[in-house]
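Undergrad: Sharing a structure below in structure tokens format, with a few things to ask.
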Amino acid sequence: MAGDFRGPPPRGGGPPQGGRPPRRGGSPGWARQPPRGPLPGHGGRPLPPPSPPQQPNRPPSQGRGGPLRKPPPGRAAGPPPQGPPRTRQEALPRPAGGAGAGPPAHPATRAPRDGRITKGPTLPDWRRLRGAGRGRWKAIAIVLVVAVLGFGVYLDQNMTRVEALPADSEASSSGTNYLIVGSDSRDGLSAEDEERLATGDAAGQRTDTIMLLHTGSSGSVLVSLPRDSTVPIPGHGTGKINSAFAIGGPQLLVKTIEAATGLRMDHYVEVGFGGFVGAVDAVGGVDMCVPQAIEDPLAGLNIQAGCQELDGQTALGYVRTRATPGSDFDRVKRQREFLSALLGKATSPLTLINPFRMVPLASAVTDTITVDDSDHLWHLAGLAWGMKGVSGGDGIQTTVPISGTGSGSTLRWDRQRSQALFGALQQDEAPPESSFGP
């Protein structure tokens, strides 16, 4: 081909300085020269204009999307292009000193060098963990509630019930009245238990303790009715109040007390010797401050003065003995104080949340406590709550007022003062102090 159609070298021509390779995708620098005229040998046609300069390919780290281009087979990925700012992962310092020197490298420093971005180790989702924990606690709470309710239903169905409250009662009063009877029944006690507890082997049952608990807007009032009190017994003349229980059982006793006090009995609770001892031992004993030493072989009691913890056997002798100067009046006072302390400990949070105490206590109560056929477990809870008010000092503890004694160690009630006491309770009012016995 005639002639040299290349012409003179363009400005800035020649090989690139510094040995740098030409820009990828670009054209030589002389491609920017203006087009020349026609050259010989081309039929007078001008040469086609040079292709416009192309933009260099951006590194993958600067693109906004699109697939990553892999290097051709057999060619290793070159170093990152010079000029564009490095990514945050590339800017992190690397530990010096070779392998095993310094602290472990940040996970981001192990990112691929071809520009791909990878995720480091993910942290646990604490919100998901908290949600799972709340779900487990809710399930445990539901199981506990169902277990407690099931245990309560079981205890309620296994309580001993009798027809104690007469259906034809004509007495009426405000508030709620509980009749609490401590029976000397030996039912459920073996010969060894009778000898150990010094209860004897007398047949039948009598009442060693008779108390009336009134609860209402005026607070809690606990009144002891001495068992030797002489009162009219419906259909049987006049006699000791505890003889009504021996003659006609709980129902005649309730009728006798309603006629003597004018108060309607709403609930009936009877506790035997075995149930009393079992309840005291189930709560781990009861703390009492004994004002004087008492020794009574008939009650199996030998106790020193001072504050101490009484177990079931000692407590039974403590509430039964009359070997003190006040005889029966001291006895009913000890009975009120001990029963209040026992129920106060039985309803304490330390007892209620302790299954090793609560389960034996509930079993002892339901096995040996007798209630009216209309009473349920929640009525016993109301009794315990009322007794807790008495033991806490907000309630009143007293004995029916006595005017004197009669034949055979009987006690006569003071008519005027006893009417003031029971009249106030009938109206659900706090009784005056002048009505307190004995």
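Undergrad: Within the range 289-312, which residues are under 22 Å from residue 358 (Cβ atoms), touching a helix residue (DSSP H, G or I) at 6+ places or on another chain (Cβ under 7 Å) and not small (Gly, Ala, Ser)?
TA: Hits for the range 289-312 are 310, 311.
Undergrad: Could I ask something else about it? Please list, ordered by residue number, the helices (runs of 4 or more DSSP H) wholly in the range 351-432 having 2 or more residues that are of a type outside the set (Val, Ile, Thr), more than 22 Å from residue 207 (Cα to Cα) and in contact with a strand residue (DSSP E or B) (Cβ under 8 Å, 6 or more places away or on another chain).
TA: Ranges flagged: 377-391, 415-426.
Undergrad: Now for a different question. Given the range 240-334, what strands (runs of 3 or more DSSP E) lie entirely inside it while holding 1 or more residues that are hydrophobic (A, V, I, L, M, F, W, C) and in contact with a Phe, Trp or Tyr (Cβ under 7 Å, 6 or more places away or on another chain)?
TA: Qualifying strands (runs of 3 or more DSSP E): 267-271, 286-290, 301-303, 306-310.
Undergrad: Have a look at 252, 225, 263 and point out the one that is within 17 Å of residue 181 (Cα to Cα) and either over 41 Å from the mean Cα position of the chain (by Cα) or without any contact (Cβ under 8 Å) to a residue 12 or more places away in the chain (or both).
TA: Every option except 252 fails the conditions.
Undergrad: In the range 335-350, which residues are among the β-branched types (Val, Ile, Thr) and outside any loop (DSSP other than H, G, I, E, B)?
TA: Passing the criteria: none in range.
Undergrad: Against the condition touching a helix residue (DSSP H, G or I) at 6+ places or on another chain (Cβ under 9 Å), open to solvent by 60 Å² or more (accessible area, probe 1.4 Å) and in contact (Cβ under 8 Å) with a residue 12 or more places away in the chain, how does residue 427 come out, does it pass?
TA: The answer is no for residue 427.
Undergrad: Please go through the range 303-342 and pick out each residue that is touching an Asp or Glu at 6+ places or on another chain (Cβ under 7 Å), at pLDDT 90 or above and farther than 12 Å from residue 280 by Cα.
TA: 307
Undergrad: Taking the residues in the range 189-240 that are loosely packed, with under 13 Cβ neighbours inside 10 Å and at pLDDT below 85 as candidates, determine which candidate is nearest to residue 320 (Cα to Cα).
TA: The qualifying residue nearest to residue 320 (Cα to Cα) is 200.
Undergrad: Kindly establish whether residue 383 is touching a residue at least 40 places away in the same chain (Cβ under 8 Å), in contact with a Gly (Cβ under 9 Å, 6 or more places away or on another chain) and either among the aromatic types (Phe, Trp, Tyr) or within 30 Å of residue 170 (Cβ to Cβ) (or both).
TA: Judged against the criteria, residue 383 is not a match.
The values are calculated or read from the model by the stated rules, or taken from the named source; none is laboratory data. Fair warning: this is a prediction, and the values are worked out from it, not measured in the lab. Cβ: placed from backbone, ideal geometry, glycine included. Neighbour counts: every protein chain shown. Side chains included, ligands, DNA and RNA excluded: accessible areas come from the protein's heavy atoms. Shrake-Rupley method; radii C 1.70, N 1.55, O 1.52, S 1.80 Å.
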